[in-house]
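Below is one structure, written out as structure tokens; comments come after it.
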Amino acid sequence: MRQGIEREAISTIVSEFGGKPELLVQILQAIVTRHGWVPEDAIRQLAFELNLSRADVYGVVNYYHDFRTEAPGKHIVKICQAEACQAMGSRALTAHAHESLGASFHETSDDVTLEPVYCLGNCACAPAIMIDNKTHGRVDASRFDSLVEGLRESG
Amino acid sequence: MAATKIYVPRETSAVSVGADEVAVAIAREAKKSGVRIELIRNGSWGASWLEPLVEVEVDGVRIAYANVTPDDVAGLFAAGLGGEHDKRLGPVNEIPYLINQDRWTFWRCGLTDPLSLEDFGLHQGFKALEKAFADGPQAILDAVTASGLRGRGGAGFPTGIKWQTVADTEGDQKYIACNADEGDSGTFSDRLLMEGDPLGLIESMAIAGFAVGASRGYIYLRSEYPLTHRILTRALELAREGGWLGEDILGSGFGFDIELHLGAGSYVCGEETAMLESLEGKKGIVRYKPPLPAHEGLFGKPTVVNNVVTLASVPNIVNLGGERYADMGVNRSKGTLAFQLAGNIRRGGLVEKAFGVTVRELIDDYGGGTASGRPVKAVQIGGPLGAYLPAEELDTPLDYEAFTEIGAMIGHGGIVVFDDTADMAQQARFAMEFCAIESCGKCTPCRIGSTRGVEVIDKMIAGDGRDENYDLLVELCDTMEDASLCAMGGMTPYPVRSVLKHFAEDFASSGGK
């Protein structure tokens, strides 16, 4: 397996965006949405196909939080760390998540990757978390556990 | 008998607390019981604490039910749709939280089906664009200037001046760049509008394009809003299908189209020049100003950069006249702002009110105090770069200049409430930590200062030379404020200083991380 993502898959995405270098952020976002991360090989390939330097592509990948350079677990759980959620107990919820999943931020345990996020725009229904691109509100420790339990059951 | 209309919001907050599951349960129950219904996925009215807020239309009146769960659905049907039930609030247009607002910009949110051109047309949709075509560009520019509308993203720059500048600048290509990178904690008004009235935003951008002579628009949407992305994508398709975007709109000779771009999790990309860099496919690093984006913006072309709410305020200004908008508000803060009540508050949600309302009125009268029932200790206004106000300052009227006077800012209108259990030393630390995480790295005060700020605050919390470090922290704040390139480093000191001023005792009592 070539670090997880086939050359053709990257090329397909590049051509969907017309091979335009000014759409690099959009291309990377599409790669992460579909494949979860951006491997080193993809950076070389993108530089070649978009006629950019590797440093340019690497710089952009490295700059944005969304562009992971390590493969995540099957599921990604993000916990909001910003002020509105802090005011409703996100620090305690985060501590609970670390403990119950056995993972710190940016770590993967049992196919679940835990990440921080700074505001999901769900500030009136805090604390908020996001699981695989779906936002959940009013999350306390027991709701967190049952949402994670649901992930395990769905596989 | 006609099908009974049932509304269940398809909006991030409602969905985050089970609206989709409720919609599924309603469809299933209707089928089971043989009741004919029409299920409409509306936007949210913004009364987030009531979500999922389900409405049943009876004789033209929409009856609201609050905090509905899938388990409630069978009971709602059993009571007869619209009938008595524990969760029945009565007509949605009698809910005090909603009717005591000045809904100028958000008036269609909750009311309409966001993804129906027909419903949009029944509610003034595209009327302002048609009027713009009839009145001509200068009339639109004059109306926006007369309205006194200022940028709702946070900076508060007069919109009319910005538009006029772009209109007056020569350029073979001009752009409208809509800033939908709503990164401030405690804010969700852009999202609520884009999910509840996406066609309204599209119309607004087309009006802006017509007024300044721009044929292309971009929406820069943060990636944390995936549902918004789906809704906007569909709305753009609908607008193109209906001939409201594309070449020669309505035979006016004016062509305009919009590209939807996603951000990638960078807070600084909400700063206008960083956003332009990101739209060009680059790292979201802040540009030096001048040149202003109005002169040299996206790809070096004259560009209007406006926040979602700023743009969405325009159609009614076109329809009703700039003076009507300017009649609301106080001093140089004209019109309305969509305040967002968040954090530890009983009735969180969106409240669109004319400027001049006080923070206390919003928190007590609308918000109903804290969710925990404990006293308010601090209120952060204007996102992570906003000051923490102590309870004594809550009578300050919401007015851009009045806030500047107390060393605070209104920003994008987010109001985050903390109760008396909050550890303000930790909040000061977080302000510096957040800046360290999100700094674009271009200027030294922000890049290095934020990390040093965390270290100094940690020492103060640990009791290690608290007085010397207090002085050092103040000096660091001065440097960051005076020498940073943009608001990220330049305003991170606001929350820190406010904690030093009002809650200094928390450094001694802080329990650590």
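Looking at this structure, is B:L76 assigned by TED's automatic domain parsing to the domain that holds B:R10, surrounded by 17 or more Cβ atoms within 10 Å (Cβ to Cβ), over 26 Å from B:A338 (Cβ atoms) and of a type outside the set (D, E)? Judged against the criteria, B:L76 is a match.
In this structure, is B:R466 among the basic types (K, R) and free of Cβ contacts under 8 Å to residues at least 60 places away in the same chain? Yes.
Residues being of a type in the set (D, E, K, R) and within 11 Å of chain A (Cβ to nearest Cβ) are represented in the range B:228-242 by at least one member.
Evaluated against (1) without any contact (Cβ under 8 Å) to a residue 40 or more places away in the chain; (2) within 18 Å of the chain's Cα centre (by Cα); (3) within 30 Å of B:G349 (Cβ to Cβ); (4) buried (at least 21 other Cβ atoms within 10 Å of the Cβ), A:V38 falls short on exactly one condition, (3).
In this entry, B:F133 is excluded by the filter for residues that are within 25 Å of B:T4 (Cβ to Cβ) and part of a helix (DSSP H, G or I). Cβ-Cβ distances below 7 Å connect the following pairs, each with a first residue in the range B:282-298 that is more than 14 Å from chain A (Cβ to nearest Cβ), a second residue that is part of a helix (DSSP H, G or I) and of a type in the set (K, R), and a separation of six or more residues or different chains: B:A294/B:K162. Going by the conditions given, is B:L276 assigned to a helix (DSSP H, G or I), within 11 Å of chain A (Cβ to nearest Cβ) and surrounded by 24 or more Cβ atoms within 10 Å (Cβ to Cβ)? So B:L276 does not fit the description; no. Would you check which residues across the range A:120-150 are at negative phi, surrounded by fewer than 17 Cβ atoms within 10 Å (Cβ to Cβ) and more than 8 Å from chain B (Cβ to nearest Cβ) and list them? Passing the criteria: A:D140, A:A141, A:S142, A:R143, A:D145, A:S146, A:L147, A:E149, A:G150. Only one entry in B:D395, B:D420 is at pLDDT 95 or above, more than 19 Å from B:M491 (Cα to Cα) and more than 14 Å from every other protein chain (Cβ to nearest Cβ), namely B:D395. A single member of B:C486, B:C477, B:C440 is closer than 18 Å to B:G382 by Cα and of a type outside the set (K, R), and it is B:C486.
At least 2 residues being away from chain B (no Cβ under 14 Å), among the basic types (K, R) and closer than 21 Å to B:K282 by Cβ is the threshold, and among the helices (runs of 4 or more DSSP H) wholly inside the range A:23-119 not one reaches it. Quick check, is B:A19 under 28 Å from B:N100 (Cα atoms), in contact with a Leu (Cβ under 6 Å, 6 or more places away or on another chain) and buried (at least 23 other Cβ atoms within 10 Å of the Cβ)? Here the answer is no, as B:A19 does not meet what is asked.
Scanning the range B:190-247 for residues that are surrounded by fewer than 22 Cβ atoms within 10 Å (Cβ to Cβ) and in a strand (DSSP E or B) yields B:R216, B:G246. Among the residues of the range B:84-128, those identified as over 24 Å from the mean Cα position of the chain (by Cα), more than 23 Å from B:G348 (Cα to Cα) and in a loop (DSSP other than H, G, I, E, B) are B:E84, B:H85. Within the range B:167-185, the presence of a residue that is part of a helix (DSSP H, G or I) and at the interface with another protein chain (Cβ under 10 Å from one of its Cβ atoms) is excluded. Is there a residue being within 23 Å of B:L192 (Cα to Cα), within 14 Å of another protein chain (Cβ to nearest Cβ), surrounded by fewer than 24 Cβ atoms within 10 Å (Cβ to Cβ) and touching a residue at least 40 places away in the same chain (Cβ under 8 Å) anywhere in the range B:326-343? No, the range B:326-343 has no match at all.
The values are calculated or read from the model by the stated rules, or taken from the named source; none is laboratory data. The shown structure was predicted, so the numbers you read here are calculated from the model rather than taken from an experiment. Note that we place each Cβ from the backbone using ideal geometry, even for glycine, and neighbour counts take in every protein chain shown.
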